[in-house]
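Below you'll find the structure, written out as structure tokens, and then a few comments.
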Amino acid sequence: MSDDVARETFAELRWGDKLVQTCPHCGVIRAHRYVKLQKRWRCKECYQPFSVTSGSVFHGHKLPLQTIIAGILIYANAVKGLSALQLSRELDVQYKTAFVLLHKIRESLWKTQNTTPFEGDVEIDAAHVHRYMRPKNKKADRVDRRLEENQNKMKCIVLVIRQRCPAQDDGEEGAMRTRIFVLKSENENDIRAVVEANVKRGSRIFTDEASGYASLGALYPHEVVCHEAEYQSDSGANQNQAESYFARLRRMLMGQIHQYVRKHLDVYANEIAFREDWRRKSNRTFVMDALQKCLQCARSRDWAKYWQGNKRRHDSVMNIPARTLASPAAG
């Protein structure tokens, strides 16, 4: 792919037309003047220059456009996620460059996710993260990890909501849409607040027997599968799609990423949600959609000049205010 072809690809994905551009400074949509020597456009209204990546997540990039596309293609090929070390070797760039590029892609997927409420058959499940703590060498120095004061302070959960594909004649099965939420614990207040805000009334919900889902029966048709006795109930209730998501998430965190901090857990978990939803699409479709999402996102506040000290300060755990829940009997 030549420079001109790569630039045309970026322009078409960002503006929908290679001949019409949207000025990132004033927002005017028209055929602006292209300065061939600078390989940039100049707005005919505000006279400000801009390129195909100005104002996007790739604003101020130093990598060639072909390298960015190649990085997203390698990213799409990794079904269980991709480490920055591996991408740096594939692209022959520094680790710092690959690390920031991957996180810009993950941030774009997070910011452009579909937030419309779920409906139909919906599976909900949660998994603990940051739970393990390395024991002391001497047995006399070890403490009881079952006590709350001795547990990992960074421990949290990833709550996943997956909408099943409707019954169709072509036989397509599985889940069609996935969203994740990082919560402090699997408690009734947080789970109910998330489900009420993201699942339409009348939807049928499938969960396990955890106590945090008990109050959902007052709001939705609720089917429970007891995992201590079975994976699927006699009535057909199961959480296979939610378990499939967590199987891939654990493989990414333990087999690819290895080390991660909790404040970036949301983008890691959302990456697997995106991969699960696009698992039946072609690589070209995956790459073009991911690149388009990156170009639609504004300049990153967390990953601009990251290695100069600009770090993400907020945590990924959602802060849900406490409230008094009505009992299931009261509805």
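The values are calculated or read from the model by the stated rules, or taken from the named source; none is laboratory data. Not measured: the values here are computed from a predicted model. Because the Cβ atoms are built from the backbone with ideal geometry, glycine has one as well, and the counts that use them run over all protein chains shown.
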Test result for ARG251, modelled with pLDDT of 90 or more, surrounded by 17 or more Cβ atoms within 10 Å (Cβ to Cβ), among the basic types (Lys, Arg) and part of a helix (DSSP H, G or I):
no
Can you tell me which residue is modelled with the highest pLDDT among those in the stretch 291-309 that are closer than 22 Å to GLN94 by Cβ and basic (Lys, Arg)?
ARG299
State whether one or more residues within the stretch 198-205 are under 29 Å from LYS281 (Cα atoms), touching a residue at least 40 places away in the same chain (Cβ under 8 Å) and in a helix (DSSP H, G or I).
yes
Breaking point among (1) free of Cβ contacts under 8 Å to residues at least 24 places away in the same chain; (2) part of a loop (DSSP other than H, G, I, E, B); (3) farther than 30 Å from PHE58 by Cβ, for PRO166
(1)
crowded, with 18+ Cβ neighbours inside 10 Å, of a type in the set (A, V, I, L, M, F, W, C) and in contact with a Gly (Cβ under 8 Å, 6 or more places away or on another chain): which single residue out of LEU87, LEU82 fits that description?
LEU87
Evaluate the stretch 107-120: report whether one residue or more is among the hydroxyl-bearing types (Ser, Thr, Tyr), surrounded by 20 or more Cβ atoms within 10 Å (Cβ to Cβ) and within 18 Å of the chain's Cα centre (by Cα).
yes
Would you confirm whether any residue within the stretch 40-48 is touching a residue at least 12 places away in the same chain (Cβ under 8 Å) and under 30 Å from GLY174 (Cβ atoms)?
no
Quick check on my filter: what residues within the stretch 52-85 are touching a residue at least 60 places away in the same chain (Cβ under 8 Å) and within 23 Å of ALA247 (Cβ to Cβ)?
TYR75, ALA76, ASN77, ALA78, VAL79, LYS80, GLY81, LEU82, SER83
Looking at (1) in a helix (DSSP H, G or I); (2) closer than 19 Å to GLN296 by Cβ; (3) of a type in the set (A, V, I, L, M, F, W, C), which one does PHE58 not meet, given that it meets all the others?
(1)
Which numbered condition ILE272 misses (of (1) under 30 Å from THR22 (Cβ atoms); (2) touching a helix residue (DSSP H, G or I) at 6+ places or on another chain (Cβ under 7 Å); (3) surrounded by 13 or more Cβ atoms within 10 Å (Cβ to Cβ))
(1)
Failed condition for MET288, given (1) under 18 Å from HIS103 (Cα atoms); (2) outside the structural domain of THR97 (by TED's automatic domain parsing); (3) at pLDDT 90 or above; (4) surrounded by fewer than 20 Cβ atoms within 10 Å (Cβ to Cβ), with all others met?
(2)
Can you tell me which residue among TYR245, TYR220 is surrounded by 13 or more Cβ atoms within 10 Å (Cβ to Cβ) and assigned to a helix (DSSP H, G or I)?
TYR245
Checking the conditions here, which among LEU109, LEU159, LEU101 is outside any loop (DSSP other than H, G, I, E, B), in contact (Cβ under 8 Å) with a residue 12 or more places away in the chain, of a type in the set (A, V, I, L, M, F, W, C) and farther than 20 Å from VAL317 by Cα?
LEU101
Please find, within the stretch 199-222, the residue that is nearest to GLU243 (Cα to Cα) out of those that are touching an Asp or Glu at 6+ places or on another chain (Cβ under 7 Å) and among the basic types (Lys, Arg).
ARG204
For residues in the stretch 121-140 being in a strand (DSSP E or B) and either in contact with a His (Cβ under 8 Å, 6 or more places away or on another chain) or of a type outside the set (Val, Ile, Thr) (or both), which is surrounded by the fewest Cβ atoms within 10 Å (Cβ to Cβ)?
HIS128
Residues (touching a residue at least 24 places away in the same chain (Cβ under 8 Å) and in a helix (DSSP H, G or I)) located in the stretch 87-98
LEU91, LYS96, THR97, ALA98
Got a sec? Which of TRP307, TRP303 is touching a His at 6+ places or on another chain (Cβ under 6 Å) and of a type outside the set (Ser, Thr, Tyr)?
TRP303
